[in-house]
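Student: So that we are looking at the same thing, I have put the structure below in structure tokens.
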Amino acid sequence: MNAPLLPCVAIALAAVGCFAGVAPPGGDDDGAWSIADAIEYRELDDHPGCTTGGLDYAAAAIPGYDCAAKAYPFPAGTREDEDAPIVLLVHGNSDGPEAWERFEDGAPMLAERLAARGVRVYALDLRIDRVDDPQNNNDTENAARNVDHGWAVPLAQHLIEAVLAAEPDRQLSLVGFSLGVTTLRDALRRIHAAGDVNVWPRLDDVVLLAGANHGVSSFARLCGKNPTMRGRVACQMGARDNFSPTDFSLALNGPDHAYEAPCADGATAYGDADCAGHRVVYTTVVMRDIDNGSYQDEFVSEASTALEGADNRNLELTDVDDSGYFFGGLLKNHYGASRSAAALELVDAVIP
């Protein structure tokens, strides 16, 4: 597999904030916390990224699913473990499903490792090649082809809902990296808020790798300065340093971290008793902060990644992605949370 061919780097975790025109924190007119949407989302019917056109792989065939995802074949002699959950993977910004795969002649990555165990795996494709922002630079435009949650979340939500409907007797586990973390979490929030399906008893593990749950390093550089999705996504996430909840993060996290891990207790999701006694297991993974208070991960930190109610794990500073993926390893610290040997072993242990 080849690293994504983009004009420049600037990964997705870059961005969050507060733009004029959004609802008060959490979406309520009176400023109280609410599960209501706090940003604008793309409609699937006219979403540029909901297409299987122009793919260099065969799109996964999932009944009722109209967008792009990649299915991973089982090695010769391996049969599907139908007692195992189906695993859905969501990659980060400026990237694609190849983020979950071996690079060149390197070691197998998460998609191949799970398939080798007989686990059915689908990797969502956020189709950054279909980004509709101007792309002449990265200061005021979006040459990096970043996407925001308004683009990414409807695609993830559609995949989750389609697999739930197509496989009514199977459990799901979810794995997100970087932007994929908040994308998955927000997709689950929207499914819950819609009330059409109770996702929580069907969900086993939610594994969240290097996510900006409480801010990202690129906030100050991009939020309010770049009007494209590149700036908007930074605004949605907030600042990694001196984090203050944004409208987006407050709707997602709840007041004082109260709803960061729905059904982790087996009782409530966003205050509603929808778990049917089923506990969803949340695991976060990120590179450890440097002892002097600075950060080696290019975008997030221990505090920005951790969630109340989750098993929050830290990798060591040596646990980098040494495969050379993503522009020769330019972001090897950030990608260490999904592609280092330590991260792979950790996820193997979490997902049965």
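Student: What FRET efficiency comes out for D256 versus D105 if R0 is 41 angstrom and r is the Cβ-Cβ distance? Round to the nearest 0.05.
Tutor: Once rounded, the FRET efficiency stands at 0.25.
Student: Once you place label points 7 Å from the Cα toward the Cβ at D132 and D289, how far apart are they in nm?
Tutor: Taking the two extended label points, one gets 4.1 nm.
Student: Rounded to two decimals, what ratio of Rg to Rh does the range 290-352 give with C-alpha atoms and a Kirkwood Rh?
Tutor: Rg divided by Rh gives 0.98.
Student: Within 10 Å, count the other beta carbons around each residue, average over each peptide in 108-117, 227-236, and list them highest first.
Tutor: 227-236, 108-117
Student: Please report the antiparallel percentage of the DSSP beta bridges confined to the chain, to the nearest 5.
Tutor: 15 percent
Student: State the extension gain, in nm to one decimal, for the chain segment bounded by D265 and T51, taking 0.36 nm per residue of separation less the distance between their alpha-carbons.
Tutor: 73.3 nm
Student: Here's another thing I want to ask about it. Going by a ≥ b ≥ c, the root eigenvalues of the Cα gyration tensor, does the range 217-267 fall in the rounded group (a/c under 1.5), the prolate group (a/b larger than b/c) or the oblate group?
Tutor: The shape class here is prolate.
Student: How would you order 288-301, 323-336, 43-56 from highest to lowest mean count of nearby Cβ atoms within 10 Å?
Tutor: Those peptides, ordered most packed to least, come out 323-336, 288-301, 43-56.
Student: How large is the translational diffusion coefficient of the range 46-187 in µm² per second when you combine the Kirkwood radius over alpha carbon pairs with Stokes-Einstein at 25 °C and 0.890 mPa s?
Tutor: This corresponds to a translational diffusion coefficient of 156 µm²/s.
Student: What nm value, rounded to one decimal, do you get for the distance between R221 and R279 when each label is placed 7 Å out toward the C-beta?
Tutor: 4.1 nm
Student: If you build the convex hull over the alpha carbons only and average its shadow over all orientations, what do you get for the range 88-132? Give it in nm² to one decimal.
Tutor: If you wrap the Cα atoms of the range 88-132 in a convex hull and average its projections, you get 3.5 nm².
Student: So what is the relative contact order for the range 21-151, in percent, with contacts set as C-alpha pairs under 8 Å and at least six apart?
Tutor: The value is 24 percent.
Student: Would you calculate, for the chain, the mean residue ellipticity at 222 nm contributed by helices, counting each DSSP H stretch of 4 or more residues as -39,500 (n - 2.57) and dividing by all residues, to the nearest 500?
Tutor: -7000 deg cm²/dmol
Student: Expressed as a rounded percentage, what relative contact order does the chain have, with Cα pairs under 8 Å and six or more residues apart?
Tutor: 21 percent
Student: Can I ask one more? Residue by residue, what Karplus-based ³J(HN,Hα) values in Hz, rounded to whole numbers, does the range 220-230 have, using 6.51, -1.76 and 1.60 with θ = phi - 60° and x for Gly and Pro?
Tutor: 5, 6, 10, 5, x, 10, 10, x, 7, 4, 4
Student: Going by amide H atoms built from the backbone, whose H comes under 5 Å of the H on D311, apart from near neighbours?
Tutor: The answer is Y282, T283, T284.
Student: Quick one: plug the Kirkwood hydrodynamic radius of the chain (C-alpha pairs) into Stokes-Einstein at 20 °C, 1.002 mPa s, and report D in µm²/s.
Tutor: Rounded to a whole number, D works out at 108 µm²/s.
Student: Starting from the Cα of A349, move 7 Å in the Cα-to-Cβ direction to define the label point; list residues of the range 205-221 whose amide nitrogen is under 19 Å from there.
Tutor: 205-210
Values in this text are rule-based calculations from the coordinates and carry no lab data. As the structure is a prediction and not an experimental result, all values here were calculated from the model. Every residue, glycine as well, gets a Cβ built from its backbone with ideal geometry; the counts of neighbours run over all protein chains shown.
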